[in-house]
Amino acid sequence: MFSGAQISLYPMADDFVDVIMSALGALDPYRDQLRIETDDVSTLLVGPPEVLFRAMRDLFSAAARTGTHCVFSATISRGCPGESDDAICTSSHFDGPLAPLAERQESALSAVRKAPDMDVFAVGQLSLYVLGQGNHMDEIYGCIDFLKQSGTFDKSKHFATKLKGDTGALFATLEQAFCHFGPPEGHVTIDLTVSANSPSAR
């Protein structure tokens, strides 16, 4: 399995470089568990989802704690047939056959309930894509049902589902959506945008 994310962090401030550089320290605990490659467009994080989503959570939360309006954009993928398997991505999330949908939903909800409180409020929207599967809409509808029960659901939108809440619960919700819907060996992607400290009214 290959899993990873192309991420970009956008602080809306004149000192955006300082905000980004200070937030990067949040990735230090994960550097031996992820492959990290940066260019002038985005940063690639490669590794198991349970590390990947915590690293993204901690990076974004660190930037948002400055009080700056920050936007985080990510394209997250697992099981892409165009990528070779990578041992660094080994994860217990994908052991065994696909469990019944209701069982996966309950497991995902249980994980979200255990999420740590990061003391950072954020809003976000995601689109889940289960690729190359004839029953992909069953998986997507099952994921939407989970999102509506997750405690982070805000509303349905065209092409996306909007979430809100503490970044601990929000990124836990995203991890569970990514890992529990679509077959363990299947190609699943998420298109994600998260925002904190926006001057727009909530």
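The values are calculated or read from the model by the stated rules, or taken from the named source; none is laboratory data. Nothing here was measured: the structure is a model prediction, and the numbers come from that model. With ideal geometry, Cβ positions are generated from the backbone for all residues, glycine too; neighbour counts draw on all protein chains shown. Ligands, DNA and RNA are excluded from the accessible area calculation, which covers all protein heavy atoms including side chains. Shrake-Rupley method; radii C 1.70, N 1.55, O 1.52, S 1.80 Å.
If you average the C-alpha positions of segment 178-202 and of segment 81-131 separately, how far apart do those two centres end up, in angstrom? Between the Cα centres of segment 178-202 and segment 81-131 lies a distance of 10 Å.
Ordering HIS93, PRO81, PHE2 by Cα displacement along the dipole of segment 1-96 toward the positive end leaves HIS93 in first place; charges were set at the Cβ atoms of Lys, Arg (+1) and Asp, Glu (-1). With a simple spin-label model that places each label point 7 Å from the Cα along the Cα-to-Cβ direction, the separation between ALA99 and LEU131 comes to 2.7 nm. For mean projected area of the Cα convex hull in nm², the value calculated from this model appears in (i) 14.2; (ii) 11.2; (iii) 12.3 under label (ii). With K and R counted +1 and D and E -1, the other residues having a Cβ less than 12 Å from that of GLN149 yield a net charge of 0.
Whole number in Å², please: accessible area per residue of segment 34-121, 1.4 Å probe, ligands, DNA and RNA not counted.
Numbers: 4350 Å² over 88 residues.
Ligands and nucleic acids excluded, the result is 49 Å² per residue.
Measuring with a 1.4 angstrom probe and ignoring ligands and nucleic acids, LYS164 comes out at about 90 Å² accessible.
Counting Lys +1, Arg +1, Asp -1, Glu -1, what net charge surrounds PRO49 among other residues with beta carbon under 9 Å of its beta carbon? Spell out each step's value before the answer.
Numbers: positive: ARG78; negative: GLU50, GLU175.
That sum, taken over residues with Cβ under 9 Å, equals -1.
Working from label points 7 Å from Cα in the Cα-to-Cβ sense, the ASP138 to GLN33 distance is 3.3 nm.
Could you look at segment 1-84 and say what percent of its accessible area is carbon and sulfur, using a 1.4 Å probe and all protein chains? Let's see the in-between values first.
On the way: 2020 of 3870 Å².
The nonpolar share, carbon plus sulfur, comes to 52 percent.
Using a probe of 1.4 Å, the accessible surface attributed to ASP28 totals some 90 Å² when neighbouring protein chains are kept in position.
For the chain, with only Lys/Arg (+1) and Asp/Glu (-1) charged at the beta-carbon, what is the dipole magnitude about the Cα centre, in debye rounded to 20?
Values: 15 positive and 26 negative charges, 147 e Å.
Using Cβ point charges on Lys, Arg, Asp and Glu, the chain gives about 700 debye.
If I model a spin label at SER92 and THR75 as a point 7 Å from the Cα along the Cα→Cβ vector, what separation in nanometres do I get? According to this spin-label approximation, the distance is 3.2 nm.
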